[in-house]
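Student: Just passing along the structure, written as structure tokens.
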Amino acid sequence: MEMKTLKDFVVAHADRLGGLFKFSAEHTCRSMLHSLEKFTNMEYLAFRDVTAGDFLGFEHHLWASGCSRNTSACYFRALRAVCRKAEKEEEGMKETGELFDGVFMGYEETRKRALSIEQLRAVVDADLGDAPGLVMARDLFILSYYLRGIPFIDLAYLRKTDVHGSVLRYHRSKTGRPLSVTLEPWMWEIIERYKCDNPESPYLLRIIRKAGTIPDERRQYESALRLYNKHLERLSAKLELGVRLTSYVARHTWATLAYNEDVPVSKISAGLSHASEEITHTYLRSFTAEQLAVVNLQMASLINPVAEKEWREKERGRIKKGSHKDGLNKGGGDVPIPGRKRNVSGGKGATFN
């Protein structure tokens, strides 16, 4: 029986993930293999000969080459999955746990980058008439902010059938959790501008332009994401923001500015649908779509004059009815309106994933 190499098992695992349409995990697995091939000769490294020392050496190689601890940990989690599969197939294999002794596979907190209100307004107001690629990137970035920091992958895969009157209902690709967002006029303005006009396409926006197989559409998405981030980086440099714009900055900005505006953390978590946090599960059941729509209106009012006018009218209505200092109506039947207590230059300065 021919002895299988470590590379054989990694490639088989990546192919299996691709066959299950788990493209993100497949990409991680293949990236990990690419780094392994830079570290050692993978063509002759038999799986049963791999030692814990080999993996510790690989970890040090990754760090020395500039790989972050979180990316390294992600690679090793993928490698552990490969080893667990191999352990079931190969006789004489060491136990998987022993191979990863001393290797970091956790998560190290990093400072998330978010825009200040002034920076966000600079993005909104930028004159980009001579650069249509930057205009589209800017508009999609602002739409992502308006839609409670929707990730680009979810934006790309929004379907025409996800729109139900004035409400957008979709499932997060990462967690499968359902979300709904009230569609306001300032959101529709951007959606209409980039709406997919191909009647054969199920998608709402012109990001995945041509319907096809799942792998074909995934390639279109990944190409669009690369171009989107490239344009965002150019936009950041053009405006001299001092913050590197990426597709996820809109999400971090929505959460951070909401926190600085005294929106309760529970509502921020519900708005972002943080499925990885147990406390979020509770609040997802506790707050209605109407309450989240009010929070989202408040966030849009920071940069959109139409939304600001509507928000002020809601605030005036709240004051007339009378309220507690914490911003909740006495009767308890109305939608809670968070108070706007902090100035535009920041507040507690915390960020959220």
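Student: If the requirement is being outside any helix (DSSP H, G or I) and not hydrophobic (A, V, I, L, M, F, W, C), which of these qualifies: Gly53, Gly57, Gly66?
Tutor: Details: Gly53 fails: outside any helix (DSSP H, G or I); Gly57 fails: outside any helix (DSSP H, G or I).
Being outside any helix (DSSP H, G or I) and not hydrophobic (A, V, I, L, M, F, W, C) holds for just one of Gly53, Gly57, Gly66, which is Gly66.
Student: Give all pairs with beta carbons closer than 9 Å in which a residue from segment 164-188 that is not assigned by TED's automatic domain parsing to the domain that holds Pro151 meets a residue that is in a strand (DSSP E or B); count only pairs at least 6 apart in sequence or on separate chains.
Tutor: Close Cβ pairs (under 9 Å, with a partner that is in a strand (DSSP E or B)) do not exist here.
Student: Among (1) closer than 20 Å to Asp101 by Cβ; (2) modelled with pLDDT of 90 or more, which single condition is Arg69 missing?
Tutor: With respect to (1) closer than 20 Å to Asp101 by Cβ; (2) modelled with pLDDT of 90 or more, Arg69 is out only on (2).
Student: Determine whether Arg48 is modelled with pLDDT under 90, basic (Lys, Arg) and in a helix (DSSP H, G or I). Full working, then the answer.
Tutor: Working: modelled with pLDDT under 90: yes; basic (Lys, Arg): yes; in a helix (DSSP H, G or I): yes.
Judged against the criteria, Arg48 is a match.
Student: Something else now. Are any residues in segment 198-246 among the hydroxyl-bearing types (Ser, Thr, Tyr), under 30 Å from Ile117 (Cα atoms) and touching a residue at least 12 places away in the same chain (Cβ under 8 Å), and if so, which ones?
Tutor: The answer is Tyr221, Tyr228, Thr246.
Student: Looking only at segment 134-163, which residues are within 15 Å of Pro178 (Cα to Cα) and of a type in the set (Phe, Trp, Tyr)?
Tutor: Tyr157
Student: While we're looking at this one, here's another question. Give segment 236-278 a look and list any residue that's at pLDDT 80 or above and on the phi > 0 side of the Ramachandran plot, or say none.
Tutor: Glu240, Gly242
Student: Let me ask something else. Can you say whether Leu79 is out of contact with any Lys or Arg (no Cβ under 6 Å at 6 or more places or on another chain), modelled with pLDDT of 90 or more and within 26 Å of Leu179 (Cβ to Cβ), as far as the supplied structure shows?
Tutor: Values: out of contact with any Lys or Arg (no Cβ under 6 Å at 6 or more places or on another chain): yes; modelled with pLDDT of 90 or more: yes; within 26 Å of Leu179 (Cβ to Cβ): no.
Taking the combined requirement at face value, the residue does not satisfy it.
Student: Any residue at all in segment 140-161 that's assigned to a strand (DSSP E or B) and within 21 Å of Leu257 (Cα to Cα)? Write out each step before concluding.
Tutor: Filtering segment 140-161 down to residues assigned to a strand (DSSP E or B) leaves 159.
Now narrow it down to the ones that are within 21 Å of Leu257 (Cα to Cα): none.
No, there is no match, as no residue in segment 140-161 is assigned to a strand (DSSP E or B) and within 21 Å of Leu257 (Cα to Cα).
Student: Within segment 179-214, track down each residue that is farther than 22 Å from Ser273 by Cα and of a type in the set (Asp, Glu).
Tutor: Matches in segment 179-214: Glu189, Glu192, Asp197, Glu200.
Student: Could you tell me which of the residues Val124, Val135 is outside the structural domain of Ser68 (by TED's automatic domain parsing), in contact with a Gly (Cβ under 9 Å, 6 or more places away or on another chain), part of a helix (DSSP H, G or I) and surrounded by 14 or more Cβ atoms within 10 Å (Cβ to Cβ)? Full working, then the answer.
Tutor: Values: Val124 fails: in contact with a Gly (Cβ under 9 Å, 6 or more places away or on another chain).
Only one candidate qualifies: Val135.
The values are calculated or read from the model by the stated rules, or taken from the named source; none is laboratory data. Just so it is clear, the model here is predicted, and its values are computed rather than measured. Cβ sites come from the backbone with ideal geometry, for glycine too, and all protein chains shown count toward neighbours.
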